[in-house]
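Asks: Once you've had a glance at the structure underneath, I'll fire off some questions.
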Amino acid sequence: MQHASDQWHVAILVVLLSLIIVVRILLGRHGAAPFIRRIAGLNAIDEAVGRATEMGRPVVMVPGISGLDIVTLQALSIFSYVARNVARFGNRTIVPTIDGLTTGVAQETLRDAYADSGRPDLFHEDDVRYLTDQQFPFALGVAGLLTRERAAASFLFGTFAAEALIMAEVGQEVGAVQIAGTPSTTQIPFFIAACDYVIIGDEYYAATAYISRDRTLLGSIVGQDYCKLILLAVALLGCVAFTWYQWLTQHHHAGPLIEHLKYIVNYFKPG
Amino acid sequence: MFHHFFAPVSPHTHTAEYVGKLLFGLVFVFAILAVLQAAPKTWRKSIIAVFTFLGGIYYAVEFFWPADKIGPNAGENWLTPYQPFVANLSAVVGSFSVGIGMISLLQFHTRAIARQRAGWGNSVALILCFAAMLTFGLLNQYAPHLTIIPPLLPFGPFAPRAQNSHDVFNFLYLGGYANLDAATFSLIAFYIASASYRAFRVRSWESTLLMVSALIVMLGATFGAAITGGIHPYLSPGVENPWANLRIERLSEWLLTQINAPAQRGILFGIYVGGLAVSLRLWLSLERGAYFDKEI
């Protein structure tokens with residue numbers, strides 16, 4: 001197992017980044033709300049929900065193919081906000097799941113969202129459906145659901161793998177407005193090809209802050225930006241040190257500078 | 001103590017211990033659930049926050065506590081041996097999802113049959129398949145040689161062999177499920193073609209760039225080397241040809257390693273920092289959002 005004592009510099013960096021995020025969350029509860037740049041995919045959510053209502057067809061939300069982990073919880077958090085809007089318009093939300101625990105949490109999340117919007121009568125437990133725990137049968141289940149229900153909007157948020165394209169292409173075929181967001185980098189190109197809007201990288205984790213404008217979440221986003229600046233600086237330092245070290249070595253230089261650079265270069269090598 | 005108590009027990013050789021531990025586990029879980037239900041609503045959030053914190057603190061302390069450098073336990077600290085125990089706790093909670101999922105699935109489809117909703121015949125098919133797989137899955141595990149279908153001709157050189165429960169399970173699983181799964185996977189090829197057709201249309205500067213890049217990478221992975229094979233890598237022995245950098249396989253590699261990989265790493269930096277932030281918010285119960293700031 002990996003331990004902090006194997007690579008203390010990595011452990012120090014993790015602690016530093018964690019502290020920055022926690023401090024910014026605590027500070028974020030006070031003072032002015034920070035600015036977040038416009039994210040097209042998230043602005044399109046209301047448009048998609050409105051279109052579904054006009055067409056009188058339901059909204060389908062897929063929380064990925066992993067169990068109840070951080071990524072799925074984030075997806076359900078986003079769905080909660082979207083479902084409030086769907087409920088406000090008096091429309092149906094269908095959530096197919098691949099995991100039993102996710103089914104329970106999704107049912108509670110949607111029940112709360114519909115109750116908060118003053119339409120608890122519109123929530124049906126059967127609209128949150130456990131389909132299977134297998135990847136491709138789940139994709140086929142979602143594809144069948146999109147086709148039978150003639151979904152007008154489809155939200156694909158969570159962890160996805162090879163089955164992502166099956167769901168996204170079927171959604172495209174039935175004419176649904178599709179918004180996808182995933183931290184699975186291998187699936188981003190497929191979503192870009194098949195969906196109308198794609199939320200990339202850390203936008204996925206910024207989504208709830210962007211939609212809710214909650215101060216705690218906004219503070220977290222500011223902390224994350226500081227962390228990324230630190231990582232960028234560390235990456236630049238590594239690039240400069242490595243290039244300089246290579247140049248000095250090739251030109252047969254010696255002395256304390258090359259030793260310092262060697263020390264930095266070794267720091268970046270995996271332990 | 002933990003190791004001994006949570007060590008695997010065989011139901012065949014230590015039946016009494018197995019049943020005892022099973023009953024203890026069930027009683028313990030239901031007692032915890034009863035305590036949670038009986039607790040005042042204002043306490044529930046605090047109880048969950050404490051359990052969440054305790055669940056995460058093990059991994060944090062285990063990671064930061066210095067590990068032994070030498071000796072029989074090199075690479076471990078005093079908390080490392082409890083790793084399987086903590087992992088088993090997660091596995092136990094995870095295994096509940098199978099049961100919950102099964103109940104949810106059967107409830108939905110039995111309701112669909114009872115109310116004769118549109119497509120209720122599919123629900124009947126699902127329940128029949130479910131029952132068949134469950135029955136033959138269990139028989140395959142516990143009575144694999146049980147004869148299910150007797151030989152049609154009891155004697156003679158062409159008498160077919162009796163089909164036992166293992167054969168029937170294989171027929172259902174390998175002959176049915178595995179083939180359907182593979183067929184679904186193969187559908188992706190056609191969906192890639194239709195998605196690529198839309199994505200690679202020349203509509204804007206960006207889509208043109210995407211199409212050209214994709215073309216180079218695809219050629220680089222197939223017969224691109226043959227197209228630019230005329231560009232020799234060396235002008236003379238030991239002297240590299242600078243034009244050789246325009247060979248398709250080299251352009252393809254450059255695109256993948258110098259353009260695509262850094263972009264992906266940039267995205268991954270953001271994802272990992274975002275994941276760290278969400279994990280911290282959940283672990284320390286700082287999350288405010290969808291369902292975390294509600295009174296449970």
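Asks: Using Cα-Cα distances under 8 Å and only pairs 6 or more residues apart, what relative contact order does chain A have, in percent?
Replies: 23
Asks: Give the relative contact order (percent, whole number) for chain B; include only Cα pairs under 8 Å separated by 6+ residues.
Replies: Value for chain B: 15 percent.
Asks: Taking only Cα atoms, what is the 0 to 90° angle, nearest 10, from helix A:164-173's long axis to the longest principal axis of chain A?
Replies: Compared with the principal axis, the helix lies near 40 degrees.
Asks: Over what distance in Å are the Cα centres of segment B:17-41 and segment A:202-271 separated?
Replies: If we compute the Cα centre of each part, the gap is 48 Å.
Asks: Find the all-direction average of the projected area of the Cα convex hull for segment B:200-283, expressing the result in square nanometres with one decimal place.
Replies: Seen from a random direction, the Cα hull of segment B:200-283 projects 9.1 nm² on average.
Asks: Separate question: Could you grab the Rg to Rh ratio for segment A:1-132? Cα atoms only, Kirkwood for Rh. It would help to have the intermediate numbers written out before the result.
Replies: On the way: Rg = 19.1 Å, Rh = 17.4 Å.
We get a ratio of 1.10 for segment A:1-132.
Asks: Determine, at each q value in 0.09, 0.13 (inverse angstroms), the log₁₀ of I(q)/I(0) that the Debye formula gives when each Cα of the protein assembly as shown is one equal point scatterer.
Replies: One equal scatterer on each Cα of the protein assembly as shown leads to -0.92, -1.52.
Asks: Where a Cα-Cα gap under 19 Å defines reach, which aspartates and glutamates qualify for A:Lys228, not counting those fewer than 8 residues away within the same chain?
Replies: Partners found: A:Asp202, A:Glu203.
Asks: Also, I was wondering about something else. Can you tell me the orientation of helix A:40-55 relative to chain A, as the angle in degrees between its alpha-carbon axis and the longest Cα principal axis, to the nearest 10?
Replies: 10
Asks: Given an 8 Å cut-off on Cα distances and at least 6 residues of separation, report the relative contact order of segment B:118-199 as a percent.
Replies: 23
Asks: So if I average 1/r over every pair of distinct C-alpha atoms in segment A:133-271 and take the inverse, what Kirkwood radius in Å does that give?
Replies: Result for segment A:133-271, one decimal place: 18.7 Å.
Asks: Given Cβ point charges of +1 (Lys, Arg) and -1 (Asp, Glu) and nothing else, what value in debye, to the nearest 20, does the dipole of the protein assembly as shown about its Cα centre take?
Replies: Its charge dipole is roughly 880 debye.
Asks: What is the calculated FRET efficiency for A:Leu19 to B:Lys21, with r their C-beta to C-beta distance and R₀ = 45 Å, to the nearest 0.05?
Replies: Calculated transfer efficiency: 0.60.
Asks: So, one more: Using a basic spin-label model with each label point 7 Å from the Cα along Cα→Cβ, how many nm lie between B:Leu134 and B:Tyr59?
Replies: 3.3
Asks: Then there's this: Could you tell me which of B:Thr184, B:Val239, B:Trp205 has its Cα farthest along the dipole of segment B:123-257 towards the positive end, charges placed at Cβ (Lys, Arg +1; Asp, Glu -1), taken about the Cα centre?
Replies: Most positive-ward Cα: B:Trp205.
Asks: Under a point-charge model restricted to the Cβ atoms of Lys and Arg (+1) and Asp and Glu (-1), what is the dipole moment magnitude of segment A:92-194 relative to its Cα centre, in debye to the nearest 20?
Replies: 240
Asks: Given the alpha-carbon gyration tensor of chain B, what are the semi-axes of its equivalent ellipsoid in whole angstrom, ordered largest first, with each equal to the square root of 5 times an eigenvalue?
Replies: So the equivalent ellipsoid measures 49, 38, 27 Å along its semi-axes.
Asks: Cross-link candidates for B:Lys45: which lysines have Cα within less than 21 Å, leaving aside residues fewer than 8 places away along the same chain?
Replies: By straight Cα distance, B:Lys45 reaches B:Lys294.
Asks: Here's another thing I want to ask about it. Which loop chymotrypsin sites (Phe, Trp or Tyr not before Pro) in segment B:180-262, with loop taken from DSSP, have no more than 12 other Cβ atoms within 10 angstrom of their Cβ?
Replies: B:Phe223
Asks: Moving on. Which percent of the Cα-Cα distances in segment A:40-212 go past 30 Å?
Replies: 5
Asks: Report, as an integer, the average count of C-beta atoms from other chains found within 10 Å of each Cβ along B:184-194.
Replies: Mean shielding count: 6.
Asks: Roughly what angle does helix B:179-199 make with the longest principal axis of chain B, taking Cα atoms, 0 to 90 degrees, to the nearest 10?
Replies: 40
Asks: Kindly state, to the nearest 0.05, the FRET efficiency for B:Gln264 paired with B:Ser236, given R0 = 56 Å and r defined as their beta-carbon distance. Intermediate values should be presented prior to the final figure.
Replies: Working: r = 38 Å, r/R0 = 0.69.
Efficiency at R0 = 56 Å is approximately 0.90.
Asks: Which trypsin sites (Lys or Arg not before Pro) in segment B:142-223 pass both tests, a DSSP loop state and at most 15 other beta-carbon atoms within 10 Å?
Replies: Within segment B:142-223, the qualifying trypsin sites (Lys or Arg not before Pro) (loop, at most 15 other Cβ atoms within 10 Å) are B:Arg161, B:Arg201, B:Arg203.
Asks: At most 15 other C-beta atoms within 10 Å and a DSSP loop state: those are the exposed trypsin sites (Lys or Arg not before Pro) I care about. Give me the longest piece of chain A that has none.
Replies: A:39-149
Here, each number is a calculation from the coordinates, and none is a lab measurement. Bear in mind that the values here come from a model prediction, so they are computed numbers and not experimental data. Quick reminder, even Gly has a Cβ in these numbers, built from the backbone with ideal geometry, and neighbours come from all protein chains shown.
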